[in-house]
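Following: one structure in structure tokens, then a few remarks.
Readers should treat all values here as calculations from the given coordinates under stated rules, not as data from a laboratory. It should be emphasised that the depicted structure is a prediction, and the values quoted were computed from it without experimental measurement. Quick reminder, even Gly has a Cβ in these numbers, built from the backbone with ideal geometry, and neighbours come from all protein chains shown.
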Amino acid sequence: MNKVFIVTDSTADIPDQVVDQYGIKIVPLRVVFSEQESYLDGIELSASKFYEKLGEVKALPTTSQPSPIEFMNVYKELNEAHPGCQIVSIHLSSGMSGTYQSAVLGKSMLEDESEADITVIDSKSASYGYGLLVVHAARLASEGKNAAEITEAVLTLHKERKLYFLVDTLEYLQKGGRIGKASAILGTLLNIKPVLSIDEEGVIYAVEKVRGQKKAMERIVQMFESDFAGKRINIAVGHTANPSSAETFVELMKTRFELNEVVYPNIGAVIGSHVGFGTIAIFVWPA
């Protein structure tokens, strides 16, 4: 049976040890602070270093997607080293970035010169909201599943998992054009914590607004109880290089659920550029 390789991009925020364990191929996005200062996400700039820099700069950094050629080169390298292999490539929502489209173009460029077997999937999600799909795919690949079986399993898990983001401040969403300045100021004055999620088209939206961090966390737990009542679950709590904030939420979840797998991914520089310090992202899927 031909080997299956899993490719993704750096916004999946998968812990390094898991990437190494399963041999997941990461294509990095770029974080740009100025014309003279840009970094490959997760390679030249770690999450912790990014948040240090974020506190030192006035202007919000920008981000840029990998080029189609970068994807083509990764696919080509795998195809030449492992003739006849299959590749499943899972990427950041097309509703947030052109990364998925770059991967599609990279695939088409390689197919023009070879018979590479590549499946590109639009995760319609961000951070570990699709990182968990990538890890699931990699585990199935290690068990000998083929690309069609892996793709079907990924799409099924995508429907089953739920996610919510809780931002500490509305400043970064306002700077990134997600909300108006007046709303950001009002939210800060009233200590409003918007609970965010990602819709079926892969776009961030506000589920509801809650006053205060503690009440917002309780509300998120209530929503998970509605989705997973009586079920054993896996949970990942992403954080902005602040593990203690994630651990607090996990302890809260333990009072309501039987937890199986628990993951603490760092929210990397690209996603962090849009949500800022103090963000907590909670991802839950059936055990």
- Where the eigenvalues come from the Cα gyration tensor of the chain, what are the semi-axes √(5λ) of the equivalent ellipsoid, largest first, in whole Å? 32, 24, 15
- Task: Among E115, E225, E160, determine the one that fluctuates most according to a GNM of the chain built with springs between C-alpha atoms less than 10 Å apart.
- Result: E115
- Task: Return the sequence-ordered ³J(HN,Hα) values of the stretch 111-123 in whole Hz as given by the Karplus equation 6.51 cos²θ - 1.76 cosθ + 1.60 applied to θ = phi - 60°, using x for Gly and Pro.
- Result: 5, 5, 10, 7, 9, 5, 9, 10, 10, 10, 10, 7, 5
- Note on the structure: Residues whose modelled amide H sits under 5 Å from the amide H of S89, counting only those 5 or more places away in sequence or on another chain, are V7, T119, V120, I121
- Message: Need one number: nm distance between label points at T248 and L60, each 7 Å from Cα along Cα→Cβ, rounded to one decimal.
- Response: 2.4 nm
- Within the under-9-Å Cβ sphere about K124, not counting K124, Lys/Arg +1 and Asp/Glu -1 give a net charge of -4
- Task: Among A137, A148, A236, determine the one that fluctuates most according to a GNM of the chain built with springs between C-alpha atoms less than 10 Å apart.
- Result: A148
- Kindly identify the stretch 21-78 as rounded, prolate or oblate by the Cα gyration tensor criterion: order the square roots of the eigenvalues as a ≥ b ≥ c, call it rounded if a/c is under 1.5, otherwise compare a/b with b/c, prolate if a/b is larger, else oblate. oblate
- Query: So how far, in whole Å, is the C-alpha centre of the stretch 231-267 from the one of the stretch 110-158?
  - Reply: 24 Å
- Query: Which of the GluC sites (Glu not before Pro) found in the stretch 1-55 are in a DSSP loop and have at most 13 neighbouring Cβ atoms, other than their own, within 10 Å?
  - Reply: E35, E44
- Tally Lys/Arg at +1 and Asp/Glu at -1 over every other residue whose Cβ is under 12 Å from the Cβ of E160; what's the total? +3
- Among the lysines, which fall within straight-line cross-link reach of K49, defined as a Cα-Cα distance under 18 Å, with same-chain neighbours fewer than 8 residues apart omitted? K58
- Rounded to 10°, Cα long-axis angle of helix 68-81 versus longest principal axis of the chain: 50 degrees
- Among T63, T255, T156, determine the one that fluctuates most according to a GNM of the chain built with springs between C-alpha atoms less than 10 Å apart. T255
- Once the other residues with Cβ under 15 Å from the Cβ of S48 are scored (Lys, Arg +1; Asp, Glu -1), what is the net sum? -4
- Tilt relative to the chain, helix 213-228 - C-alpha long axis, 0 to 90 degrees, to 10: 50 degrees
- Note on the structure: Note: Q101 to E160 extended length (0.36 nm per residue) minus current alpha-carbon separation gives 18.7 nm
- To the nearest 10 degrees, how steep is helix 243-254 against the longest Cα principal axis of the chain, on a 0 to 90 scale? 80 degrees
- Charge dipole of the stretch 11-69 about the Cα centre (unit charges at C-beta), most positive-ward option of V19, V31, Q65: Q65
- Task: Using only Cα positions of the stretch 1-138, each an equal point scatterer, no hydration layer, compute I(q)/I(0) via Debye at q = 0.13, 0.15 Å⁻¹ and quote the log10 values to two decimals.
- Result: -0.56, -0.73
